[in-house]
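Everything on this sheet refers to the single structure shown next.
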Amino acid sequence: MPLDKFLQLLLSGISLGAIYALVALGFVLVFKATSVLNFAHGSFLMLAAYLTSTLLGSLGLPFAVGLLVVALSLAVLGVVLHYTVMQWMVGKAFFSVVLVTVGMEIVIRAVILVFWGPLERGRVQGLPQGTFSVGGAVIPYVNLIILAAAGILVLAFLVFFNRSRMGLHMRAVADNLEAATAMGIDRNVVYAGAWAIGLLLAGVGGVLYAHFSPSVNLGLGVIGLRAFPAAILGGIDSVPGAIVGGMIVALVENIGAGYLGAQWRDVIAFGIMFLVLLWRPSGLFGTKELIRV
Amino acid sequence: MRSRLVTDYRQDLAIFKTRPQKVIVAVVAGLAVAFPFVFSSDFTPPLGFPWRAWLTAANLALIASIGAAAFNLLLGYTHQVSVAHAAFLMLGTMTAGYLGSIHHVSFWVILPISLLVGAVVGALVGLPALRFRGLYLLVATFGVHFFFLQVYKTFQTSFFGFNAIRFPAPEVPVWLAQLGVFTPDAEGRVLIQGDFRWYWVLLPIAVLSIAYMSNVIRLREGRAFRAIAQHDVSASLTGIDVTATKLRAFAISSAFVTMSGVLGSYYLRARGEDSFPFEVVLFYAIMVIVGGFSSTQGAVLGALFFYFFPTFFDWFRSRAPVVRDIKFLQAYANEINLAGFGILIIIVLVFRPGGLVGVWRSLKGYWGRWPFST
Amino acid sequence: MTDSGLLVANLSVAYAGSVTALRGVSLRVPRGSIVTVLGANGAGKTTLVRAVTGLLFVHDGKIREGTITFNGKPIHTASATAVVKHGICQVPEGRMLFPRLTAEENLLCGAATRRRSPEIDLDLERVYQLFPVLGERRRQPAGLLSGGEQQMLAVGRALMARPRLLICDELSLGLAPMVVAELFRLLRQLNETEEMSILVIEQNARVALENSHYGYVLETGQMVVEGDSGTLRADPHVQELYLGGAGEAKAAYQALVRQYRNAIA
């Protein structure tokens, strides 16, 4: 039944969308707070997925513990990266900073090759593997858990970003860096915080994706790069845009690929973004650029 | 180098303005001519230091320098952030594969055709740039990359099956072959193969292409590019046709990238599905930024760096005393090479964000102001 | 020496390694006083503020020579955060609000360096008492406030840091005279009731000298005149250049204008 197939794709698309939303959120946060376009975002997700396959897959840690360990490791990595590398790039030309993240991406890929080798690893199966059906569509329990975990984290992030003192300082720095500095907000603390949370979100995205995708391999970096169309579609500097953008890209991609064939995934993901941009050149929620002469 | 006052337009438009500049150009030209003779000799340096490998690296760098200069024209001068670079390399490979490998069109005919194809497709790809800006354009051209990748895969499987596209060795043009300098092979043809011959094909093509692009940048068109880079609305008020100029920038840049794609395909002889990963774009970005943003010399230096450094690092890892005894480094040779390169990029950009050209300029400035330099 | 206020001694500042913006500037803001620095565009007023508040690095500027101390502690090498913690906060030139944050969030950013405590909420209420209109608009993005309200917000934000020295850079810029008068009345009130030292950087010399105890005149990076505000107001040089005074120069200029008009008529 064609409707069954559509429902099936729609429902698995929602779980995928939750992951994309998380990943895009981390990407947008780093961009908003530190003005760094992080090309390594995908490789952080990949790193987290590999860590998951070792900690949860091979060592058999419980899901919650493994999630916590991976997420915190990534957050710590974010702080370390800020103080060792990115701190020195503050105020440098935009593309130089972007390329530093490209350099990080290369290094992370090399690290993964050293520790895990080039062969792909199977899907992590630490979660209950059963399925249930809704109106003819078969849904694995895993997808529900992924959706719940991602949803909780997105909410937690929104509360943090809009209600906490650190979140306020992040928004202040994003809005007017010089004014924030004049008020005594230490931008290094804010930047380090943004990197920590950005990577934490990518990390959780990686843990969840390792449970979702059929295998953990070196192609996952491209999945992390889905943050790009998702974030751009929503508007690169918009937090709600990242969430909506992640969801839209995942749904259209999943349904489109289901009908056209998996090889069109990338093209569809970027195609939908392209169409939205033609309609709104600053994304759905992005700040419109004022052009003054 | 003391500063020198310019008193008329002829002086201002001169390409090489000062005597030291002329000297440097002469020295570089001399080195470029001597290079293949030196590095195709049978000399074996101590400690297994690479020798002939430098010629291969130089050829790859020559091909890449065309692409890097074209990338720089668009990114560095016009500030149109397009990452569809690999897409045009694929376009070049497809053009060469379709015309050269299937229809046996001569390499020398394919080159100009590829320029034309690249320009037309480039102008089409440039259309979104009329509406999107900055990062939005960047990610939109991401989409172009993935679209081309899919087209390329379809092209390859439908014409060549699951094998890589193979390219024949091009022949030296008949009039040149008859000069008698070359010894024809058993079938009476003079094939361009081997690093030494390729060098002499690639060097003039690269020099001409880069000279053309520098000229475009230097003259009226280039000023229009830079005006658009600064502020396209203001540029339109000064009478610059923004639409046409943006599309021209895309067309010129894409034309040369496509041609470098053809050169790369013929030089490497085979191109497969995985020859154009997304990283290719990033590699060109590395060449442009590490070499020095908004500088044609920078693009060339960047391309040289990109191919020479790994050759050096590979030797350093495997042969240098002390380092060669570290088992870990040898067990993970490729990974360590990769990581070494990534770390080097980070170091260069952290300490010298102006790139190699920036280093050169500050050295020049230091000597120029001596003994008052600080 | 612990209550000596702000002391700037022989300060020289250069931007981008070569452009000199201040040369040997000295200045004193004793505790509990209002001091003004006058100067035209490009005189180096804002550079002086940046040097004191540790913001030079944002614009690639560096202190070449000289010292800045606050209550005896050197602050010329301190970070912007440390300066605010020492008790110096500024109302920056052009207000520099956070346009997308609400008015209340802007105010809370002013308290960024303070420890979390209920006192912050009390201070918030105090700012709303000083500027009732901000209380009414606390949930609105700062970018949507009017010019006068934005300047009030900028002052309120600086007050949230509980500064012992408040620096106001071009407070009067682009505001209606009534709003300017109101803001300065408030500054004097803060100065009198809370012993807050205030450094007023101004182009509007008349208002600044009427509302301060002591004044300096900065011209192309150097201090050229200083004195009690009353004395400066009477000084012919200051009158001529900064007060649009009625000295001989003005008469001569008016004669010149008449002559020109007659010539073209």
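The values are calculated or read from the model by the stated rules, or taken from the named source; none is laboratory data. Note that this is a predicted model, so its numbers are computed, not measured. For neighbour counting, all protein chains shown are included, and Cβ atoms are generated from backbone atoms with ideal geometry for every residue, glycine included. With ligands, DNA and RNA removed, areas are computed over all heavy atoms of the protein, side chains included. Shrake-Rupley method; radii C 1.70, N 1.55, O 1.52, S 1.80 Å.
Restricting attention to region A:140-178, and to residues there that are within 10 Å of chain C (Cβ to nearest Cβ) and polar (S, T, N, Q), which single residue is farthest from the chain's Cα centre (by Cα)? Only one residue fits best here, namely A:176.
Among helices (runs of 4 or more DSSP H) lying entirely in region B:208-284, which contain 3 or more residues that are in contact (Cβ under 8 Å) with a residue 12 or more places away in the chain?
Details: elements: B:220-230, B:232-237, B:242-268.
Fully inside region B:208-284 and qualifying: B:220-230, B:242-268.
From the residues in region B:125-141 that are farther than 18 Å from residue A:31 by Cα and within 7 Å of chain A (Cβ to nearest Cβ), which one is most open to solvent (accessible area, probe 1.4 Å)?
Quick first cut of region B:125-141, residues farther than 18 Å from residue A:31 by Cα only: B:125-132, B:141.
Among the residues that remain, those that are also within 7 Å of chain A (Cβ to nearest Cβ) are: B:131-132.
Values: B:131: 108, B:132: 2 Å².
Per the stated criteria, the residue is B:131.
Within region C:198-216, the residues that satisfy the criterion of being within 12 Å of the chain's Cα centre (by Cα) and open to solvent by less than 10 Å² (accessible area, probe 1.4 Å) are C:198, C:199, C:200, C:201, C:202, C:208.
Can you confirm whether region B:172-179 contains a residue that is assigned to a helix (DSSP H, G or I) and within 27 Å of residue A:265 (Cα to Cα)? Before you say what the answer is, go through the steps one by one.
Step one: list which residues in region B:172-179 are assigned to a helix (DSSP H, G or I), which gives B:174-177.
Now restrict to residues that are within 27 Å of residue A:265 (Cα to Cα): none.
No; the residues of region B:172-179 include none that is assigned to a helix (DSSP H, G or I) and within 27 Å of residue A:265 (Cα to Cα).
Where helices (runs of 4 or more DSSP H) fall wholly inside region B:290-374, the ranges with 2 or more residues that are among the aliphatic types (A, V, I, L, M) and in contact (Cβ under 8 Å) with a residue 24 or more places away in the chain are B:296-319, B:333-351, B:355-369. The helices (runs of 4 or more DSSP H) found wholly in region B:1-86 and carrying at least 3 residues that are at pLDDT below 90 occupy B:9-13, B:19-39. Do you know which residues across region C:57-108 are at the interface with another protein chain (Cβ under 9 Å from one of its Cβ atoms) and assigned to a helix (DSSP H, G or I)? Passing the criteria: C:57, C:58, C:59, C:80, C:81, C:82, C:83, C:84, C:85, C:105, C:106, C:108. The set of residues in region B:152-171 that are over 24 Å from residue B:41 (Cβ atoms) and assigned to a loop (DSSP other than H, G, I, E, B) comprises B:161, B:162, B:163, B:164, B:167, B:168, B:170.
Among the candidates A:67, A:56, A:74, the residue that is within 24 Å of residue A:190 (Cα to Cα) and out of contact with any strand residue (DSSP E or B) (no Cβ under 7 Å at 6 or more places or on another chain) is uniquely A:74. Evaluated against (1) farther than 22 Å from residue B:243 by Cβ; (2) assigned to a helix (DSSP H, G or I), residue B:105 falls short on exactly one condition, (2).
Taking helices (runs of 4 or more DSSP H) as the structural unit, those lying wholly within region A:206-293 and holding at least 2 residues that are under 30 Å from residue B:228 (Cα atoms) and within 11 Å of another protein chain (Cβ to nearest Cβ) correspond to A:227-234, A:265-279.
The single condition among (1) more than 14 Å from every other protein chain (Cβ to nearest Cβ); (2) open to solvent by 60 Å² or more (accessible area, probe 1.4 Å) that residue B:167 does not meet is (2).
Scanning region B:298-307 for residues that are open to solvent by 40 Å² or more (accessible area, probe 1.4 Å) and within 10 Å of the chain's Cα centre (by Cα) yields a total of 3.
Taken over region B:142-152, the criterion of being more than 21 Å from residue B:225 (Cβ to Cβ) and either among the hydrophobic types (A, V, I, L, M, F, W, C) or within 7 Å of chain A (Cβ to nearest Cβ) (or both) is satisfied by B:142, B:143, B:146, B:147, B:148, B:149, B:150, B:151.
Of all residues in region B:142-162, those that are open to solvent by 70 Å² or more (accessible area, probe 1.4 Å) and touching a residue at least 12 places away in the same chain (Cβ under 8 Å) total 2.
The set of residues in region C:125-146 being part of a helix (DSSP H, G or I), buried (at least 18 other Cβ atoms within 10 Å of the Cβ) and more than 13 Å from chain A (Cβ to nearest Cβ) consists of C:127, C:128, C:134.
So that you can scan it fast, the table gives a plain yes or no per residue for (1) open to solvent by 10 Å² or more (accessible area, probe 1.4 Å); (2) under 28 Å from residue B:279 (Cβ atoms); (3) more than 11 Å from the chain's Cα centre (by Cα):
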position	(1), (2), (3)
A:203	no, yes, no
A:210	no, yes, yes
A:241	no, yes, yes
A:259	yes, no, yes
A:279	yes, no, yes
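Does region B:315-325 contain any residue that is buried (at least 16 other Cβ atoms within 10 Å of the Cβ) and facing chain A (nearest Cβ under 10 Å)? No, because not a single residue in region B:315-325 is buried (at least 16 other Cβ atoms within 10 Å of the Cβ) and facing chain A (nearest Cβ under 10 Å).
For region B:229-259, the set of residues classified as buried (at least 22 other Cβ atoms within 10 Å of the Cβ) and in contact with a Leu (Cβ under 7 Å, 6 or more places away or on another chain) consists of B:246, B:249, B:250, B:252, B:253, B:255, B:257, B:258, B:259, listed by residue number.
Of the residues A:19, A:14, A:106, the single one that is part of a helix (DSSP H, G or I), β-branched (Val, Ile, Thr) and open to solvent by 30 Å² or more (accessible area, probe 1.4 Å) is A:14. Among the residues of region A:233-264, what is the count of those that are of a type in the set (S, T, N, Q) and under 19 Å from residue B:138 (Cβ atoms)? Residues in region A:233-264 being of a type in the set (S, T, N, Q) and under 19 Å from residue B:138 (Cβ atoms): 1 in total. Would you check which residues across region B:77-102 are under 24 Å from residue B:243 (Cα atoms), open to solvent by less than 10 Å² (accessible area, probe 1.4 Å) and among the hydroxyl-bearing types (Ser, Thr, Tyr) and list them? B:78 - this is the single residue of region B:77-102 that is under 24 Å from residue B:243 (Cα atoms), open to solvent by less than 10 Å² (accessible area, probe 1.4 Å) and among the hydroxyl-bearing types (Ser, Thr, Tyr).
Candidates in region A:38-61 are the residues that are at pLDDT 90 or above and more than 15 Å from residue A:217 (Cα to Cα); of these, the one that is farthest from the chain's Cα centre (by Cα) is A:55. Selection over region B:274-297 of residues that are of a type in the set (Phe, Trp, Tyr) and either more than 8 Å from chain A (Cβ to nearest Cβ) or open to solvent by less than 10 Å² (accessible area, probe 1.4 Å) (or both) gives a count of 3.
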